[in-house]
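The values are calculated or read from the model by the stated rules, or taken from the named source; none is laboratory data. Being a predicted model, the structure only gives us computed values, none of them experimental. Quick reminder, even Gly has a Cβ in these numbers, built from the backbone with ideal geometry, and neighbours come from all protein chains shown.
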Amino acid sequence: MCTVVIRVPEIASEPIRLLAVRDEDPDRPWNPLGPWWSERPGVVGVQDRLAGGAWLAARGDRLAVLLNRAGEPDLPAEQITSRGGIVLDAVEGVEPSAPSTLGFNLVTVGGGAVSVTSWDGRRLQVQDLAPGTHMVAHDDVDDRGTPRIAAWLDAFASAPTSGTSGEWWREWLQVLERSARVGSEDDRAIIRDNRPHGYPTQSLLACVATIDARGSDVRYAELLHPGKWSPLSFW
C-alpha cells in the first residue's frame, strides 16, 4: 500500500518531481538505493533482496516505481511471478505485456512524460498523466475514494517544488509530516501501519526524485522505526 506523489510540469523542459513512500513487511530484506544489478549497467534502485527485483529504479532519464494493487491472474500459484522485474524492465524501455504477476500500479517516467500502467490480474490499462500534481496508491490515479488521496492531494498540489538546486522537496515533506498527525493506523495516513487492516506492511522508507532530459537525481531515506514518522534526511 505504497504512495507516490508526482508533479508533471506544464512546460516539458522543466523537471518532473516525485515523492515515493514504500510500505513493506519489515521482515522482508531489502537493499537501499544502489547499483545492485550488474547485468543491467547504469540501473540504480531499491532492491528486494528476496526476489532480486526492484521497488523503484532509475536509469538515465527513466524512472519507474511499483505499487501493489488488488487482483491476481488466472494462473496456478506456482506460475505467478514477482512484480519486481517489471520495474527493471520499465527503466530500460520495456513495458509490461500480459503480466503473470499479482496486481500493480506502475508509475513510469521517461522522455519528459509520465504514465501509470495498471494491472488487476485480468486487464492491463495505461494512463498518461496530464500536467499537474497526482497521487497514486492501491487504486486509480487521483482516486478520491482512497482516503489518503482525498485528504492530501490538494495540499501536495499547493506546495511548491520550484528551484533547480537545493532541497526542492522540503514543502512536500512538510505535507508528509502533517499527514502523520492522523496516526499511522488511520486510513488517511501516508506513513502507515497496515497491520490493523490485515496486512503485515508498514512504511519503511521514501525516495524523492527529479527527472529531466539530463537524467534522474534520486535520493533515499529510511524512517527510524517502521510505520512511524521521523524526519527524513535524503542522500
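Could you tell me whether Pro32 is at pLDDT 95 or above, part of a strand (DSSP E or B), surrounded by fewer than 18 Cβ atoms within 10 Å (Cβ to Cβ) and out of contact with any Ser or Thr (no Cβ under 8 Å at 6 or more places or on another chain)? Spell out how you get there, then give the answer.
Values: at pLDDT 95 or above: yes; part of a strand (DSSP E or B): yes; surrounded by fewer than 18 Cβ atoms within 10 Å (Cβ to Cβ): yes; out of contact with any Ser or Thr (no Cβ under 8 Å at 6 or more places or on another chain): yes.
It is true that Pro32 is at pLDDT 95 or above, part of a strand (DSSP E or B), surrounded by fewer than 18 Cβ atoms within 10 Å (Cβ to Cβ) and out of contact with any Ser or Thr (no Cβ under 8 Å at 6 or more places or on another chain).
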ask   = Name the strands (runs of 3 or more DSSP E) wholly within the range 98-166 that hold at least 1 residues that are under 20 Å from Val8 (Cα atoms), charged (D, E, K, R) and in contact (Cβ under 8 Å) with a residue 12 or more places away in the chain?
value = 124-128
key: Glu14, sole failed condition from (1) surrounded by 14 or more Cβ atoms within 10 Å (Cβ to Cβ); (2) part of a loop (DSSP other than H, G, I, E, B); (3) at pLDDT 95 or above   = (3)
key: Residue check for Ala209: outside any loop (DSSP other than H, G, I, E, B), in contact (Cβ under 8 Å) with a residue 24 or more places away in the chain and over 15 Å from Val21 (Cβ atoms)   = no
query = Tally time: how many residues in the range 76-97 are in a loop (DSSP other than H, G, I, E, B) and among the acidic types (Asp, Glu)?
reply = 2
ask   = Mind checking which pairs have a first residue in the range 168-185 that is touching a residue at least 60 places away in the same chain (Cβ under 8 Å) and a second that is part of a helix (DSSP H, G or I) and of a type outside the set (Gly, Ala, Ser), Cβ under 8 Å, 6 or more apart or different chains?
value = Trp172/Phe156
ask   = Quick one: would you say Asp48 is of a type in the set (D, E, K, R), touching a residue at least 24 places away in the same chain (Cβ under 8 Å), farther than 18 Å from Val208 by Cα and in contact with a Gly (Cβ under 8 Å, 6 or more places away or on another chain)?
value = yes
remark   = Screening Arg144, Arg192, Arg148 for residues that are of a type in the set (Lys, Arg), loosely packed, with under 14 Cβ neighbours inside 10 Å and under 16 Å from Thr3 (Cβ atoms) leaves only Arg144
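Taking Pro200, is it in contact (Cβ under 8 Å) with a residue 60 or more places away in the chain, more than 22 Å from Phe234 (Cα to Cα) and out of contact with any helix residue (DSSP H, G or I) (no Cβ under 9 Å at 6 or more places or on another chain)? Break it down into steps so the answer makes sense when it comes.
Values: in contact (Cβ under 8 Å) with a residue 60 or more places away in the chain: yes; more than 22 Å from Phe234 (Cα to Cα): yes; out of contact with any helix residue (DSSP H, G or I) (no Cβ under 9 Å at 6 or more places or on another chain): yes.
Taking the combined requirement at face value, the residue satisfies it.
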ask   = Mind checking which residues of the range 90-124 are under 19 Å from Leu50 (Cβ atoms) and surrounded by fewer than 18 Cβ atoms within 10 Å (Cβ to Cβ)?
value = Ser100
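Mind counting the residues in the range 167-195 that are in a loop (DSSP other than H, G, I, E, B), out of contact with any Leu (no Cβ under 9 Å at 6 or more places or on another chain) and either of a type in the set (Gly, Ala, Ser) or within 19 Å of Ala137 (Cα to Cα) (or both)? Reasoning before the result, please.
Initially, the range 167-195 is screened for residues in a loop (DSSP other than H, G, I, E, B), giving 167-169, 183-192, 194.
Then drop every residue that is not out of contact with any Leu (no Cβ under 9 Å at 6 or more places or on another chain), which leaves 168, 183-189, 192, 194.
Then keep just the ones that are either of a type in the set (Gly, Ala, Ser) or within 19 Å of Ala137 (Cα to Cα) (or both); that gives 183-189, 192, 194.
Number of matching residues: 9.
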